[in-house]
């Protein structure tokens with residue numbers, strides 16, 4: 001049985017670059033493999049930063065972006081992973097960093113034990129259902145409006161063996177399937 005983890009930006013990385021005008025540059029509804037053709041292969045994004053700004057390997061504030069180093073690891077596990085190049089440019093600081101917008105497969109893997117907010121777009125309590133995981137290595141939770149990226153244990157171990165900056169792996173609860181047994185009582 002494999003464990004799964006949420007891959008996200010470390011919340012201790014508080015001075016990350018802030019993307020400007022995201023919604024005018026990318027329609028968030030197009031960040032899916034089946035609609036990827038609607039996003040240009042390269043989308044330059046202006047950012048606001050300071051000389052002390054950290055550029056972590058995962059940015060998950062306005063968009064879910066990964067560094068080139070992290071993209072290479074993801075591609076080793078998902079060779080057909082479509083990505084869009086997103087150069088982050090800060091004209092004031094005269095700095096450019098290349099990131100990628102990964103278009104992970106979306107999967108409906110939540111257990112009935114998961115908890116969502118009222119409108120069903122935010123996962124408040126994440127519980128995965130083992131039978132729905134089907135050996136997936138890296139994927140996005142379909143039921144979440146915010147990018148909630150899940151990686152399998154072998155991917156997580158591969159990430160931990162490298163010196164990535166500003167990433168966090170948080171263990172996801174996985175629920176085994178329970179079969180309801182019906183017994184007939186003839187008296």
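Checking each residue in the range 143-155 for being in contact with a strand residue (DSSP E or B) (Cβ under 8 Å, 6 or more places away or on another chain), surrounded by fewer than 20 Cβ atoms within 10 Å (Cβ to Cβ) and more than 19 Å from residue 61 (Cβ to Cβ) picks out 143, 152, 153.
Could you check, for the range 38-59, whether at least one of its residues is surrounded by fewer than 17 Cβ atoms within 10 Å (Cβ to Cβ), without any contact (Cβ under 8 Å) to a residue 12 or more places away in the chain and either farther than 23 Å from residue 160 by Cα or in contact with a strand residue (DSSP E or B) (Cβ under 8 Å, 6 or more places away or on another chain) (or both)? Within the range 38-59 (the criterion being surrounded by fewer than 17 Cβ atoms within 10 Å (Cβ to Cβ), without any contact (Cβ under 8 Å) to a residue 12 or more places away in the chain and either farther than 23 Å from residue 160 by Cα or in contact with a strand residue (DSSP E or B) (Cβ under 8 Å, 6 or more places away or on another chain) (or both)), the answer is yes, since at least one residue qualifies.
Test of understanding: among 97, 158, which residue is within 18 Å of residue 58 (Cα to Cα) and assigned to a strand (DSSP E or B)? Result of the check over 97, 158: 97. Just to be sure, is residue 77 under 20 Å from residue 156 (Cβ atoms), surrounded by 14 or more Cβ atoms within 10 Å (Cβ to Cβ) and in contact with a helix residue (DSSP H, G or I) (Cβ under 6 Å, 6 or more places away or on another chain)? It is true that residue 77 is under 20 Å from residue 156 (Cβ atoms), surrounded by 14 or more Cβ atoms within 10 Å (Cβ to Cβ) and in contact with a helix residue (DSSP H, G or I) (Cβ under 6 Å, 6 or more places away or on another chain). Only one entry in 104, 139 is at pLDDT 90 or above, part of a strand (DSSP E or B) and in contact with a strand residue (DSSP E or B) (Cβ under 9 Å, 6 or more places away or on another chain), namely 139.
Listed here are the residues, each with its yes/no results for (1) modelled with pLDDT under 95; (2) farther than 23 Å from residue 91 by Cα.
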| site | (1), (2) |
| --- | --- |
| 32 | yes, yes |
| 35 | yes, yes |
| 54 | yes, no |
| 59 | no, no |
| 65 | no, no |
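The condition (being buried (at least 16 other Cβ atoms within 10 Å of the Cβ), within 17 Å of the chain's Cα centre (by Cα) and farther than 20 Å from residue 166 by Cβ) is satisfied by just one residue among 25, 32: 32. Restricting to the range 17-60, name every residue that is under 24 Å from residue 158 (Cα atoms) and assigned to a loop (DSSP other than H, G, I, E, B). Selection gives 54, 55, 56, 57, 60. Here 114, 131 are screened, and the one residue that is modelled with pLDDT under 95 and loosely packed, with under 12 Cβ neighbours inside 10 Å is 131. Taken as a whole, the condition of being assigned to a loop (DSSP other than H, G, I, E, B) and free of Cβ contacts under 8 Å to residues at least 40 places away in the same chain applies to residue 112.
The values are calculated or read from the model by the stated rules, or taken from the named source; none is laboratory data. All values derive from a computational prediction rather than experimental measurement. When we count neighbours, we look across all protein chains shown, and the Cβ atoms used for this are built from the backbone with ideal geometry, even at glycine.
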